[in-house]
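Data first, discussion second: the structure below is written as structure tokens.
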Amino acid sequence: MAQQHPHSTHGHDAHDSHGHDSHESHGSLRSYVIGFVLSLVLTAIPLIVVLNDMVTGTAANIVLLGTAILQFVVQLFFFMHLKEEKKPRYNLLALILGLVIVLTIVAGSIWIMTYNSVG
């Protein structure tokens, strides 16, 4: 029985190394750093533009929306690894469903805030 225990530990180590290899294929430190820096820049741009009154009104909304969309794309490719999956169709369908849900919530919220006037 004592001989089986080291064998099972060795088998467990082999499994860990396999899991470690599959984890490394999801992204490198370089890609995470690039994604993080891009995220910081895309967060700072609208903050600086709006707080310093560089643009107002519709232009401010366009800057916010544009950087938000770019931020979403950065998150998908650098952190969610959308392009690296073996079956991207499933990820794409899940992404589309998520977008439909988010757009429905946002559109519904805007509708309610616009047309629900109190007295």
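The values are calculated or read from the model by the stated rules, or taken from the named source; none is laboratory data. Since this is a predicted model, take the numbers as computed values, not measurements. Cβ atoms come from the backbone with ideal geometry, glycine included; neighbour counts cover every protein chain shown.
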Checked Y32, Y90 against criteria (of a type in the set (F, W, Y) and at pLDDT below 85); the one match is Y90
So G27 ticks every box in (1) among the small types (G, A, S); (2) surrounded by 12 or more Cβ atoms within 10 Å (Cβ to Cβ); (3) at pLDDT 85 or above but one. Which box is left unticked?
(3)
Filtering the stretch 73-87 down to residues that are assigned to a helix (DSSP H, G or I), surrounded by 13 or more Cβ atoms within 10 Å (Cβ to Cβ) and not β-branched (V, I, T), which residue is modelled with the lowest pLDDT?
E84
Does I62 count as exposed (fewer than 13 other Cβ atoms within 10 Å of the Cβ), within 23 Å of the chain's Cα centre (by Cα) and modelled with pLDDT of 85 or more?
yes
Taking the conditions exactly as written (under 15 Å from the mean Cα position of the chain (by Cα), at pLDDT 90 or above and not acidic (D, E)), does L38 satisfy them or not?
yes
